[in-house]
């Protein structure tokens, strides 16, 4: 059997929070428990939102918690050539087109039942002729969209179970490169997973809806599809979802109040790896890791232990 290769891929647009650490912990434990590799990728492709100072803090936080990683850390901000090559392949195959729609236009055309931030792109620019696109390009740099098909994309998530989505009806053609030249999350993530040989993706349940798009893109590029494990979101002991505004993401404060072992132990208890809250190192958690334990927590949010939060 092929070696398991997992990856933790934080976006350093802010400090790491406990939900990020939980994802890193489960990714690391799953890969190492199976005798595989755990990779670290910094998703800083959006350089204006991800200053180097925050990246350094992210790396420092992971080190203080005891994480070690296999191979060199990958920085998306340094991988433009790889993304351009993949985009060229897609364009050369006739799978992309330039899009000149502004954000205001997209929101004005959004279906009202999808809310303010979600919409199905209606394919407006997919109907432009080459001549029309050339005229528009003279005054505005276009985004590049991938043409999706009217087919269902189905997969079985390790924790959430069967997932099915029709991209044409529920998403529409999505952006691979923004109008400002920055590559989109979907393209960068898919290319990096493939080039790094990733076989297992562990991430938050809030990204579950991105997975059908990524699977479709993998197929377009003839990339293999890894297994997916979307973990439940983390709340405090009362059920309140953790948020930056409440100080839940300040790792400096957390590490002043708690040892690394206490933080990892609290997360291990929350996700079902430990029967009770107790400090633990990553190596100590290896022997008790099982996705079956985590699966019992799936289907909703998981809560931190009261003992961990009583001192906050």
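For residues that are within 25 Å of residue 273 (Cα to Cα), surrounded by 22 or more Cβ atoms within 10 Å (Cβ to Cβ) and free of Cβ contacts under 8 Å to residues at least 40 places away in the same chain, tally how many sit in segment 23-72.
2
Looking at segment 287-298, can you tell me whether even one residue there is touching a residue at least 60 places away in the same chain (Cβ under 8 Å), surrounded by fewer than 12 Cβ atoms within 10 Å (Cβ to Cβ) and in the same structural domain as residue 250 (by TED's automatic domain parsing)?
No, the conditions are met nowhere in segment 287-298.
Of the residues that make up segment 239-250, is at least one modelled with pLDDT of 80 or more and assigned by TED's automatic domain parsing to the domain that holds residue 58?
Among the residues of segment 239-250, not one is modelled with pLDDT of 80 or more and assigned by TED's automatic domain parsing to the domain that holds residue 58, which makes the answer no.
Considering only residues that are part of a helix (DSSP H, G or I), under 16 Å from residue 232 (Cα atoms) and touching a helix residue (DSSP H, G or I) at 6+ places or on another chain (Cβ under 8 Å), which ones fall in segment 270-312?
270, 291, 294
The values are calculated or read from the model by the stated rules, or taken from the named source; none is laboratory data. Computed from a predicted structure; not experimentally measured. Virtual Cβ from ideal backbone geometry, glycine too; neighbours counted across all protein chains shown.
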